[in-house]
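The next block holds one structure in the form of structure tokens; read it before the comments.
Every number here is computed from the coordinates shown, using simple stated rules; none is lab data. The structure presented is a predicted model; accordingly, all values stated were derived computationally and were not measured.
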Amino acid sequence: MRIILAEAGVEYRIAGDKRIKCAEDAANEAASIADSQTECFMCLYLDAKNGMRSKEIISSGIIDSCLVHCREIFRSAIERAASAIVLIHNHPTGGVTPSVEDVRQTRQLIEAGKILDIKIMDHLIVGRGTNGAIQWLSIREEGLVKFE
């Protein structure tokens with residue numbers, strides 16, 4: 001994996017044929033932000049066969065919030081010719097319960113993606129449990145938002 005500093009944040013270009021088959025695969029890709037003491041927002045950019053084109057930290061915030069706007073997420077998706085995106089952010093407290101704002105933002109990004117024909121596959125929240133293991137929650141699997 002080659003690391004590149006990008007205008008929007010830190011981008012990781014992926015070598016090889018890494019596929020994201022399930023939420024757990026995506027959560028494993030987000031291990032680097034699970035330990036962050038500030039909230040970070042990451043996107044996995046996928047091709048039409050769910051092959052990972054790249055992953056990028058879009059924003060890094062403060063202890064309990066992170067500013068993210070759909071233009072940054074979709075600009076990067078268009079530049080990478082992505083067909084789909086997995087949204088991921090961490091909760092520095094380690095808990096993975098989504099906030100009302102997490103759910104609202106997910107809905108907004110799904111709607112923006114429909115206009116651009118770029119599918120939002122899922123939105124994960126990651127953190128570290130008290131035992132040190134990565135824990136995560138899939139907003140899709142929890143049924144909190146309708147993904148189409």
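Using only Cα atoms, figure out Rg for the chain and give it as a multiple of 2.2 N^0.38 Å. Provide the component values of the computation, followed by the final result.
Numbers: Rg = 13.9 Å, N = 148, 2.2 N^0.38 = 14.7 Å.
My calculation over the Cα atoms of the chain gives 0.95.
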Item checked: Whole-Hz ³J(HN,Hα) from phi, Karplus 6.51 cos²θ - 1.76 cosθ + 1.60, for region 117-123, glycine and proline x -> 6, 10, 7, 8, 7, 5, 9
